[in-house]
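See structure below.
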Amino acid sequence: MNEEERQMKTKIVEKKYLPEVSQKEKDELRATVKATSQRIIAENIERMKKADPQRPEALKYFDDIANLFGKRQEEIESEKAKGKKVVGYMCLFAPTELITAADAIPVRVNSGWYDTSKLGDRVVPVEVCPVIRSTIGAKMIELSPFLEQSDALISVLTCDGMTKLSEILSDQKTIWGMNIPRIKDSTQSLRFWNDEIKHMKNQIEKFTGNKIDRKSLKEAIEISHRATRAFRRLQKLRKGNPVIMGRDAMLVNQTYQWDDKVRWTDNAERLCDELEKRAERKDWVVSPDTPRVMVTGTPMFWPDNWKLPTLVEEGNPPGIIVADEQCSGERILNDPIGVDEWSMDDMLNAIGERYLMASTCPCFTSKDGNEDRINWLLTKIKEWKVQGVVYYVIRGCMLYAMEYSRVKKVLDKINVPVYYLDTEYTREDVGQLKTRVEAFLEMLNARGDF
Amino acid sequence: MVGEIIGDILRLTVLAGLGIAGIVAILLWKKNLATRVTFMRFVIQAVAFTVLFYIFSYSVPMLYLLIAVFGLSLFLGRFFCGWLCPFGLIMDLEIMVRKALKIRHRPLPDKLNIVLHKSRYVILLVFLLLPAVFWILDSQEVMVSPLMAQLLAGHYRVYSVILDPMVPFIVPWSGIGTINLASINFSYPYAQNIVTFIGENIGIYLATIFVVVTLIGGFLIRRVWCRFCPTGASIAAINRFKGFKRVPLLYVEKDEEKCTKCGVCKRVCSVQVNEVYEQKSGRIGTSQCMLCARCVEMCPYEGALKLKLGNKTVFHSRNWLEPPKVE
Ligand code: SF4
Ligand code: SF4
């Protein structure tokens, strides 16, 4: 597409939300933000390497994929040139198996760039969740490779931000909204959601021109199963004495969102092999008395929003993140699709249930409130021997912020300290956060001594 | 005489041996943790089927069989339904065929399922009264023998209704309610009694209709008969006796903290037990559950569901994505 055509295209559709940004400004902004971002990616990886001198070899692969403007972008580009479609999605509820089954590439496009959230302020007020603002900003300057590459976006209307984000992005992208019920465990909700899934299947089929049949869907589900198996293996390894830095594990987890699923799985298995050997050697990444921390709350997206894990693991005294309960983390892969009979119908229902019911996203409530999340947190604390929980909220993320008091109450009861850490999409508060995080770690250490 | 008994014991031992061999074979060969129990259940069902065939071929008084099943059920509840019942085996085989043909199953509407479950004792009563009704209609018999004798030992034995699902589809006798094909006698649960009670002429038609309807029903709706089966209901009734609560019972238990409410258990249950999903924790006490352990097998979270005998966990849910460890 040359310059003229591009301008033509942008002119034809009247934009409902996005302001006109001149091509020149766009290019300039993109260049600067991209340069910063590349620097930060490299910096983050460098720090992760330094944190663990014996860092597993297998992580090299994930470092590569973590470069958003690198290998994976080119790969997708060449796949697209061969005629494959790319379907992006925002929330985790998008049934990626359907996308894979239709021979398209699923990529998650939520943005973790701090700088673009400032640009988003031109469209929505600062009170809005930064993840949303940042994604808008990224779209304005066409920064995100995966967002630009997607031919259509699945937007699941979970929180208010996501709902309106899909509208705003529809200025420039084909958006397929999926209406998700808020009470997740009632029969009528499930029926409704299963209908949405079936509808999405038709839509994807029509769009890609590929029929999703029993065989291809089964294959797609099995690909996911294998990935989940590898992921659960990694999680299990984190239950014992630390063999991998929390940041490394989180990065591995996040790359799944845009990587090739099969290749990701192979490499994750390789990583686990290496870690198992490491555990046998008793070669721990940090001393086993390091406080074991769990992070829960608002998603933290690579590359910019990496400050909390870095602060925890490079703190003085240091902590180690052994578990997380976030949709940028374990929720991506933890739940398998429990297919019973492998008929088309049952597979679709199983997919529907896996996405709706197994999720512990705070956008839900049920007959007894969102107790699933509470229970899941309790289980994780027990099984991963968590000593302290950081409840991470970025300002504007209502749902997580509001559930805090419930979580706190429950964790107080089992005497596990929880720390509410609120922040913004900015690098400026790192110094101040450092003090807060270190005070918390200090406290955990002191408790451990008794 | 002694020789015969020894021969029988020998045969039964061989059978038990074969059953154990089958289970071991499945443990070694079945790598998919998500279907292992299901296959094991087939082995046990097949063994039970053969044992029943033997029992029938020695014309053991039916009453003994009934007592044995009820005795077992005091402890194990509807375990019989899930693991031993030949009619259950027929329906499970149908499920297998349907799966192979990639045809979907139709669940019963939840409401209907619950209504059927709630009226199980009424249905049981109706089934138990049927022999008496036919006895009254049968004017000749009324003349010859008194009601009680008829209902307990005679032509219109009441308990034979309860024993009906236990009639294997291949039987060692011929005659009423059987079809001889290639010198094997085929029968079907309830077919014989329908013919005996109603009389040959209409009975045969009714029995045929019954066979066809339940076969089609069982093909489309999983374990359709078990939803209201009089045998299941009587087992459930027996299992209710409070005095026996102290003996170890077999049951499914749920751990609230580990459950993520993913809904898998509810979907895979062939008799659509809602409680296993809706109840938050503790013992799943509904007598609708036939303890087949399919939900336990399919729950993807370690230890969220358990099949327990007394205080001992027999089997618990696990991460079935893992390849099985060599045991
Ligand atoms: S399958 Fe297991 S985790 Fe899922 S709802 Fe049932 S008991 Fe809970
Ligand atoms: S609740 Fe579980 S054990 Fe009971 S019948 Fe259903 S699947 Fe089988």
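What does the charge count around A:GLU325 come to, taking other residues whose C-beta lies under 10 Å from its C-beta (Lys +1, Arg +1, Asp -1, Glu -1)?
+1
What number comes out for the charge environment of B:LYS102, summing +1 per Lys or Arg and -1 per Asp or Glu over other residues with Cβ under 9 Å away?
Combined, the nearby Lys, Arg, Asp and Glu give +3.
State which entries of A:LYS118/A:LYS261; A:LYS84/A:LYS215; B:LYS31/B:LYS111; A:LYS80/A:LYS201; A:LYS218/A:LYS239 exceed 26 angstrom in Cα-Cα distance in the structure shown.
Too far apart for the 26 Å limit: A:LYS118/A:LYS261; B:LYS31/B:LYS111; A:LYS218/A:LYS239.
Scan around A:ILE154 for amide H atoms under 5 Å from its own, H built in the peptide plane at 1.01 Å from N, and keep only partners 5 or more places away or cross-chain.
For A:ILE154, the qualifying residues are A:GLY88, A:TYR89, A:MET90, A:TRP176.
Please list, ordered by chain and number, the residues whose modelled amide H lies under 5 Å from the amide H of A:TYR419; skip anything fewer than 5 residues away on the same chain.
Amide H to amide H, under 5 Å and 5 or more residues apart or across chains, A:TYR419 pairs with A:VAL389, A:VAL390, A:TYR391.
Looking only at Cβ-Cβ distances, which cysteines of chain B have no other cysteine closer than 4.7 Å?
Taking the Cβ cut-off of 4.7 Å, the unpaired cysteines of chain B are B:CYS81, B:CYS85, B:CYS226, B:CYS229, B:CYS259, B:CYS262, B:CYS269, B:CYS289, B:CYS292, B:CYS299.
Mind checking which aspartates and glutamates have their Cα closer than 15 Å to the Cα of A:LYS139? Skip sequence neighbours fewer than 8 apart in that chain.
A:GLU20, A:GLU25, A:ASP27, A:GLU28, A:ASP115, A:ASP121, A:GLU148, A:ASP151, A:GLU167, A:ASP171
Over the Cα atoms of chain B, what is the Rg over Rh ratio if Rh follows Kirkwood?
In chain B, Rg relative to Rh is 0.98.
Against the longest principal axis of chain B, how steep is helix B:200-220, in degrees 0 to 90 to the nearest 10, with axes from Cα atoms?
10 degrees
When only DSSP loop residues count, what trypsin sites (Lys or Arg not before Pro) in the range B:250-327 have their Cβ near at most 11 other Cβ atoms within 10 Å?
Filter output for the range B:250-327: B:LYS325.
Shielding of A:352-358 by partners, i.e. mean partner chain Cβ atoms within 10 Å per residue?
Counting other chains' Cβ atoms within 10 Å and averaging over A:352-358 gives 4.
Shape call for the range A:5-148 from the C-alpha gyration tensor, a ≥ b ≥ c root eigenvalues: rounded (a/c under 1.5), prolate (a/b greater than b/c) or oblate?
It comes out oblate by the Cα gyration axes.
For the range A:19-48 and the range A:274-349, write down the distance between their C-alpha centroids in whole Å.
Here the answer is 27 Å between Cα centres.
Roughly how crowded by other chains is peptide B:297-303, in terms of the mean Cβ count from those chains within 10 Å of each of its Cβ atoms?
4
May I ask you to derive the relative contact order of chain B, considering only C-alpha pairs under 8 Å and at least 6 residues apart, and to give it as an integer percent?
21 percent
Order of A:82-91, B:12-21 by packing, highest average Cβ count within 10 Å first? Intermediate results must be reported in sequence, preceding the final value.
Values: A:82-91: 19.9, B:12-21: 12.8.
Taking the mean over residues of other Cβ atoms within 10 Å, the ranking is A:82-91, B:12-21.
Against the longest principal axis of chain A, how steep is helix A:130-140, in degrees 0 to 90 to the nearest 10, with axes from Cα atoms?
Taking the Cα atoms of chain A, the angle to A:130-140 is about 40 degrees.
Could you tell me the relative contact order of chain A? Use alpha-carbon pairs under 8 Å, at least six residues apart, and round to a whole percent.
It comes to 18 percent, rounded to a whole number.
Run the reach check for B:LYS306 against aspartates and glutamates, Cα to Cα strictly under 17 Å, same-chain hits fewer than 8 apart removed. What comes back?
Partners within reach: B:GLU253, B:ASP255, B:GLU256, B:GLU257, B:GLU275, B:GLU278, B:GLU297.
Determine, from the Cβ-Cβ distance of A:GLN23 and A:GLU43 and an R0 of 25 Å, the FRET efficiency 1/(1 + (r/R0)^6), rounded to the nearest 0.05.
My answer for the efficiency is 0.25.
Given only helices, namely DSSP H runs of n ≥ 4 each adding -39500 (n - 2.57), what is the per-residue ellipticity at 222 nm of the protein assembly as shown, to the nearest 500 deg cm²/dmol?
On the way: 34 runs with 425 residues, N = 777.
So the calculated ellipticity at 222 nm is -17000 deg cm²/dmol.
Zone of B:THR13 (label point 7 Å along Cα→Cβ, backbone N under 13 Å): which residues in the range B:51-80?
Answer for the range B:51-80: none.
Tell me the net charge near A:TRP193. Cut-off is 9 Å between Cβ atoms, A:TRP193 excluded, with +1 for each Lys or Arg and -1 for each Asp or Glu.
Details: positive: A:LYS184, A:ARG191; negative: A:ASP195, A:GLU196, A:GLU353.
Counting the neighbours of A:TRP193, the net charge comes to -1.
If we sort B:184-194, A:266-276 on the protection proxy, mean other Cβ atoms within 10 Å, highest first, what's the order?
Ranking the peptides B:184-194, A:266-276 by packing returns B:184-194, A:266-276.
Across the range A:35-108, how large is the tail of the calculated P(r) beyond 15 Å, expressed as a percent of all Cα pairs? Write out the running numbers ahead of the final one.
Details: 1780 of 2701 pairs.
So the pairs more than 15 Å apart make up 66 percent of the total in the range A:35-108.
If you average 1/r over every pair of different alpha-carbon atoms in chain A and take one over that average, what Kirkwood value in Å do you get?
22.6 Å
Please work out the FRET efficiency for the pair B:ILE209 and B:MET96, using the Cβ-Cβ distance as r and a Förster radius of 35 Å; give the result to the nearest 0.05. Don't jump to the answer; show the numbers that get you there.
Details: r = 25 Å, r/R0 = 0.70.
Taking R0 as 35 Å, the efficiency between B:ILE209 and B:MET96 is 0.90.
Tell me, what is the percent relative contact order of the range B:62-241, built from C-alpha pairs under 8 Å that lie six or more residues apart?
Here the relative contact order equals 34 percent.
Got a sec to turn the phi values of the range B:119-125 into Karplus ³J(HN,Hα) couplings, 6.51 cos²θ - 1.76 cosθ + 1.60 with θ = phi - 60°, whole Hz, x for Gly and Pro?
Coupling constants for the range B:119-125: 8, 4, 6, 5, 4, 4, 4 Hz.
What are the principal axis extents of the Cα atoms in the range B:62-241, in Å, biggest first?
54, 46, 29
Near the amide H of A:ILE321, under 5 Å away, which other amide H atoms are found, from residues 5 or more places off or on another chain, if H is placed in the peptide plane?
So A:ILE321 has HN proximity to A:GLY246, A:ARG247, A:VAL293.
Over all residues in A:371-383, what is the mean tally of Cβ atoms on other chains that come within 10 Å of each residue's Cβ? Don't jump to the answer; show the numbers that get you there.
Numbers: counts 4, 5, 1, 1, 10, 6, 1, 3, 10, 1, 1, 2, 3.
Other-chain Cβ atoms within 10 Å of each residue's Cβ, averaged: 4.
Provide the per-residue ³J(HN,Hα) series for the range A:246-254, in order, calculated from phi with Karplus coefficients 6.51, -1.76, 1.60 and θ = phi - 60°, each as a whole number of Hz, with x at glycine and proline positions.
These are the phi-based 3J(HN,Hα) values: x, 4, 4, 4, 5, 5, 3, 4, 5 Hz.
Can you give me the orientation-averaged projected area of the convex hull built on the Cα atoms of the protein assembly as shown, in nm²?
40.2 nm²
For B:SER183, A:SER359, write out the residues from largest to smallest accessible area, computed with a 1.4 angstrom probe and no ligands counted.
Most to least solvent-accessible, the answer reads B:SER183, A:SER359.
Have a look at A:TYR425, B:LEU163, A:CYS397 and report the one farthest towards the positive end of the charge dipole of the protein assembly as shown, computed about the Cα centre with Cβ charges (Lys/Arg +1, Asp/Glu -1).
B:LEU163
The values are calculated or read from the model by the stated rules, or taken from the named source; none is laboratory data. This is a predicted model, so every value here is computed, not measured. Neighbour counts run over all protein chains shown; Cβ positions are idealised from the backbone, glycine included. Each accessible area value is taken on the protein alone, full model and side chains, heavy atoms only, with ligands, DNA and RNA left out. Shrake-Rupley method; radii C 1.70, N 1.55, O 1.52, S 1.80 Å.
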